[in-house]
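Accompanying notes for the structure given below.
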Amino acid sequence: MTENIKLPLVHSKEDTINTVTILSLYEDMVLGRSFEDMCAQMYYRGKMFGFVHLYNGQEAVSTGVIKALEESDYVCSTYRDHVHALSKGIPSKEVMAELFGKETGCSKGRGGSMHIFSSRHNFLGGFAFIGEGIPVATGAAFQSIYKKQVLKRTNPVQVTACFFGDGTTNNGQFFECLNMAVLWKLPIIFVVENNQWAIGMAHHRSASTPEIHKKAEVFGLPGFEVDGMDVLAIRKTTLEAVKRARDGEGPTLIEALTYRFRGHSLADPDELRSRDEKEAWIARDPIKRLKNYVISKKIASLDDLDRIEKNIKETIKEAVDFAVASPEPSVEDLHRYLFVENDS
Ligand SMILES: Cc1ncc(C[n+]2csc(CCOP(=O)(O)OP(=O)(O)O)c2C)c(N)n1
Ligand SMILES: [Mg+2]
């Protein structure tokens with residue numbers, strides 16, 4: 001399992017990738033998919049409240065980007081945030097408990113589905129308002145070079161990966177932050193998850209220039225279009241962007257072409273997208289794609305992959321049991337965590 005194998009078609013900078021890494025990418029995508037499927041079940045059983053936006057279909061983007069980062073790097077998400085949080089290492093039971101509104105959740109049950117947060121994991125949220133995370137991520141990238149350049153800290157520069165959707169790129173924060181990031185050469189990767197739709201609005205009907213990666217050129221940063229259903233392609237592009245960021249060469253924009261397999265949220269009947277369109281994208285399922293790759297290249301056996309899937313099932317079951325058994329926040333603590341507490 002630890003043997004290094006050659007990947008002939010991919011990875012110019014990382015031209016060998018070991019079996020353990022490939023299987024860990026597979027495991028992370030299966031974790032994301034299984035977690036979201038369980039969320040749907042729990043939502044329909046009335047265990048979760050409010051809006052819940054699932055990530056099925058987009059797993060290669062989260063895994064491909066976040067698993068190319070170091071633990072000390074930052075991730076900033078959107079309201080479709082559960083799977084980004086899992087890839088960043090927040091334990092699934094803490095994310096599940098958060099969705100159940102329990103005290104043991106990563107945001108102490110005060111955030112819920114759209115406000116997953118963990119300072120311990122440098123996970124900056126979870127934002128219900130679209131585009132809200134982009135300035136926050138830009139700030140994280142700014143403090144990272146400030147520590148290096150002004151405070152003369154010797155640690156490696158921390159990189160920030162900032163995720164947002166195609167619809168969000170029509171908002172002003174996107175353009176303002178691209179400008180600042182280039183001006184100050186910030187170590188940030190803007191990751192556009194172009195899943196072709198913003199709720200019920202098709203991307204090509206709302207954007208003057210639908211090719212989002214081309215907008216990078218105007219601001220002077222590299223912009224790449226990448227197959228968002230191919231985890232290895234995303235990983236390769238991200239590793240190059242991380243290197244540029246850490247070497248002080250500034251930001252990168254990555255547009256990952258992807259698709260969500262479910263409706264916008266669990267409350268969406270998903271009647272606007274055509275059956276043909278959905279079927280065409282589902283045929284490109286990123287998890288099945290990596291599975292086929294692993295089997296055809298004899299990287300691991302079906303039994304190995306089955307074992308991974310079984311372990312994940314167990315992990316998800318434990319996450320639900322933990323969330324069910326956890327206490328609700330107490331009414332006396334209603335005002336806690338609104339402000340930083342100085343009594344520790
Ligand atoms: C500032 C703001 N305006 C409008 C909304 C309503 N809204 C919620 S999701 C959404 C579409 C976002 O689409 P996209 O950025 O493509 O993300 P996706 O849902 O596809 O992941 C909109 C307009 C919002 N949440 N915040
Ligand atoms: Mg979208």
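The values are calculated or read from the model by the stated rules, or taken from the named source; none is laboratory data. Fair warning: this is a prediction, and the values are worked out from it, not measured in the lab. Note: ideal-geometry Cβ built from the backbone for every residue, glycine included; neighbour counts use all protein chains shown.
Could you tell me whether segment 48-61 includes any residue that is over 27 Å from residue 267 (Cβ atoms), crowded, with 21+ Cβ neighbours inside 10 Å and at pLDDT 95 or above? Within segment 48-61, none of the residues are over 27 Å from residue 267 (Cβ atoms), crowded, with 21+ Cβ neighbours inside 10 Å and at pLDDT 95 or above.
When segment 248-266 is filtered for residues that are part of a loop (DSSP other than H, G, I, E, B) and hydroxyl-bearing (Ser, Thr, Tyr), the ones remaining, listed by number, are 258, 259, 265.
One residue stands out among those in segment 101-142 that are of a type in the set (D, E, K, R) and farther than 25 Å from residue 245 by Cα: the one that is surrounded by the fewest Cβ atoms within 10 Å (Cβ to Cβ), which is 103. Restricting segment 211-240 to residues that are within 16 Å of ligand 2 (Cβ to nearest atom) and more than 22 Å from residue 182 (Cβ to Cβ), the residue that is surrounded by the most Cβ atoms within 10 Å (Cβ to Cβ) is 228. Take the residues of segment 165-193 that are β-branched (Val, Ile, Thr) and out of contact with any Gly (no Cβ under 6 Å at 6 or more places or on another chain): which is farthest from ligand 2 (Cβ to nearest atom)? Among them, the one singled out is 188. What about residue 274, is it surrounded by 12 or more Cβ atoms within 10 Å (Cβ to Cβ), away from ligand 1 (no atom under 16 Å from the Cβ) and either closer than 20 Å to residue 60 by Cβ or at pLDDT 95 or above (or both)? So residue 274 does not fit the description; no.
Conditions tested, residue by residue: (1) within 17 Å of the chain's Cα centre (by Cα); (2) at positive phi.
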{"residue": "209", "(1), (2)": "no, no"}
{"residue": "242", "(1), (2)": "yes, no"}
{"residue": "248", "(1), (2)": "no, yes"}
{"residue": "255", "(1), (2)": "yes, no"}
{"residue": "260", "(1), (2)": "yes, no"}
{"residue": "270", "(1), (2)": "no, yes"}
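Flag: residue 173 does not match the condition of being in a loop (DSSP other than H, G, I, E, B) and at pLDDT 95 or above.
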